[in-house]
1. Would you mind ranking R116, R228, R106 by Cβ crowding within 10 Å, fewest neighbours first?
2. Given the chain, report the % of alpha carbon pairs whose separation exceeds 35 Å.
3. What do the square roots of 5 times the Cα gyration tensor eigenvalues come to for region 127-273, in whole Å, largest first, as semi-axes of the equivalent ellipsoid?
4. For region 16-39 and region 46-106, what is the separation of their Cα centres, given in Å?
5. Could you sort 64-70, 53-59, 17-23 so that the peptide with the highest average Cβ count within 10 Å comes first and the rest follow in order?
6. Sequence gap at least 6, Cα distance under 8 Å: using those rules, report the relative contact order of the chain to the nearest whole percent.
7. List D166, D25, D85 from most exposed to least, where exposure is judged by having the fewest other Cβ atoms within 10 Å.
8. Can you list the aspartates and glutamates whose alpha carbon sits under 19 Å from that of K232, skipping same-chain ones fewer than 8 residues off?
Amino acid sequence: MKIAFIGGGNMAAALIAGLANKLTDGANIHVVDPNADALARLQKQYGVSTAATAGAALAGVDAIVLAVKPQSMREVSAQLLPLLDTARRPLIVSIAAGIRGADLARWLGGYGAIVRCMPNTPALIGQGITGMVAMAGVSVAQTRLADDILKAVGPTVWLDDESKIDAVTAVSGSGPAYVFYFIEAMQQAAEEMGLSAEQGKQLALATFTGAAQLAQQSSEPVSLLRERVTSKGGTTYAALTSMEASAVKENIISAMKAAAARGKQLGDELGQA
């Protein structure tokens, strides 16, 4: 299996780490990026081939992963268009936020073998999760290939409608930032109540990690797990009552809907050209 990456940043590096010498030999992976230092690191670590610009090395690949900023996607598509082997029809995997499959297909001259993905940053440690949707021109074999590529960094969730990608972006794509934000608040509260910064960090991280793993391993709904920790009139009850009074849950939901709306807006803006 031969895979090309256009873009060699953090997410591409995470995917390559999960793929190289596992799903395919490192020598079967080609990375295109203008950053010479990034290419040198990837070549040294995984034995991939590299280039500063896309060229003949893309011929014969089974999949091309577009791992560039959304604002660069149209320019990258223009560079890629004359290099596409339309007879072989390699799979195009896009991990760029906001870029709709129809717009990418249009920029690629009507090319339809496209899978759009939304991974998240825990992919950097092999603990990501990716929402995925296949365009109409993707074969069953290519769907499996896309799944294999993204499963290199964590589980995948397939969608039946591309519009749901905006919801995935709001929940899991942007989600790590919400988690970090909550951990920051826990650490700050710990310090304000007299604990050291290191103690606050240790307690907050272990609590978040442990609670997440408990929820992951339990067959019961998280609402029930929460109730079991919340004795009426106790300390947890006091904290949650305060959160309810401040509409914390409603504000979190509103914030996530704002993220989804921004994802749709990005698609509208970036797809106009």
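No lab work stands behind these numbers, since they all come straight from the coordinates. The shown structure was predicted, so the numbers you read here are calculated from the model rather than taken from an experiment. Quick reminder, even Gly has a Cβ in these numbers, built from the backbone with ideal geometry, and neighbours come from all protein chains shown.
1. Details: R116 25, R228 9, R106 15.
Result, fewest neighbours first: R228, R106, R116.
2. On the way: 10214 of 37128 pairs.
It works out to 28 percent of all Cα pairs.
3. Working: eigenvalues 252, 73, 51 Å².
Semi-axes (√(5λ), whole Å): 35, 19, 16.
4. If we compute the Cα centre of each part, the gap is 15 Å.
5. On the way: 64-70: 22.4, 53-59: 13.4, 17-23: 17.7.
Highest-to-lowest ranking by the protection proxy: 64-70, 17-23, 53-59.
6. Working: 397 pairs, mean separation 41.1, N = 273.
Answer for the chain is 15 percent.
7. Working: D166 24, D25 15, D85 12.
Placing the least packed residue first, the sequence is D85, D25, D166.
8. Of all the aspartates and glutamates, those that pass the test against K232 - Cα under 19 Å, at least 8 places apart if same chain - are E244.
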